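The values are calculated or read from the model by the stated rules, or taken from the named source; none is laboratory data. Note that this is a predicted model, so its numbers are computed, not measured. When we count neighbours, we look across all protein chains shown, and the Cβ atoms used for this are built from the backbone with ideal geometry, even at glycine. Accessible surface areas use protein heavy atoms only, side chains included; no ligands, DNA or RNA. Shrake-Rupley method; radii C 1.70, N 1.55, O 1.52, S 1.80 Å.
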Amino acid sequence: MKLHLPFTAHDVHAVIFDMDGLLLDSERVALATVADAAAELGVPWRYEVGLALVGLNSKDGPAVIRQHLGEDYPTTELYETFGRLYELAINEGRIPLKPGVHALFDVLDALPLGRVVATSTRRSRAEPKLAAVGLLPRVHGMVCGDEVARGKPAPDIFLAAAERLGVAVGNCLVLEDSNAGVRGALAAGARVVMVPDLLQPADDLRQAGVPVAASLQDIAGFLATRVA
């Protein structure tokens, strides 16, 4: 499918990626894992609470959980149990790539365009996840959730990523799957395209006219017009 955007591929001087749900098909694994963690602890859990955490970092997540499940919910124990089970999933190679990732990186290599990952995941977990699928050597840096003062939907992580790239944020294309991430990219002043995973665009993003792509294959086709 040809992607129609309010800017051209030549306007893009660098690309900033989210990781989970955008490069990695990891959100489904994470939601299943947090449910398993809650079951192991013998505490209640609801799928919609997991959806509310998509795009947030581990500093902001506990408040969201308590908002839904009560102030006395054992968030620390949940995160610890989740971490143990999730690390096992990473080590066992149970987190696949999203469709179109290799096609997109091949186009970026051909141009070439700088690319940085801006993920809410902390670095100690993000690097092994990218390494496990062979993407770590193909990015030019990372800014992680434990390296910024405010997580998404604040703009901090995208401003830091643009600085890492040495490119004005307005000339960076941000690719995001979460509403929180898209809001942060808009707040930073970047060009943004949403590639939905578990969540469809929220009403405010639809009203703002945020472009939506079906997959990263569409993004690859769009950027490849720079080569033609």
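So, in the range 189-228, exactly how many residues are part of a helix (DSSP H, G or I), open to solvent by 40 Å² or more (accessible area, probe 1.4 Å) and within 19 Å of Met19 (Cβ to Cβ)? Residues that pass the stated criteria total 1. Scanning the range 162-189 for residues that are over 17 Å from Arg206 (Cα atoms), in contact with a Phe, Trp or Tyr (Cβ under 9 Å, 6 or more places away or on another chain) and in contact (Cβ under 8 Å) with a residue 60 or more places away in the chain returns Cys172, Leu173. Pairs are defined by a Cβ separation below 8 Å, a sequence spacing of at least 6 or placement on different chains, a first member in the range 65-80 that is in contact (Cβ under 8 Å) with a residue 12 or more places away in the chain, and a second member that is small (Gly, Ala, Ser); the pairs so defined are His68/Ala52; Thr75/Gly61; Leu78/Ala37; Leu78/Ala38; Tyr79/Ser58; Tyr79/Gly61.
Conditions tested, residue by residue: (1) open to solvent by 50 Å² or more (accessible area, probe 1.4 Å); (2) farther than 24 Å from Pro153 by Cβ; (3) modelled with pLDDT under 95; (4) not charged (D, E, K, R).
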position: Glu87; (1), (2), (3), (4): yes, yes, yes, no
position: Ala103; (1), (2), (3), (4): no, yes, no, yes
position: Pro112; (1), (2), (3), (4): yes, yes, yes, yes
position: Val116; (1), (2), (3), (4): no, no, no, yes
position: Arg123; (1), (2), (3), (4): yes, no, no, no
position: Leu130; (1), (2), (3), (4): no, no, no, yes
position: Leu135; (1), (2), (3), (4): no, yes, no, yes
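For the range 156-187, give me the residue count where each residue is among the small types (Gly, Ala, Ser), under 21 Å from Leu23 (Cα atoms) and in a helix (DSSP H, G or I). Steps first, please.
At the first step, the residues of the range 156-187 found to be among the small types (Gly, Ala, Ser) are 160-162, 166, 168, 170, 178, 180-181, 184-185, 187.
Among the residues that remain, those that are also under 21 Å from Leu23 (Cα atoms) are: 160-162, 178, 180-181, 184-185.
Filter once more, so that each one left must be in a helix (DSSP H, G or I): 160-162, 180-181, 184-185.
Result for the range 156-187: 7.
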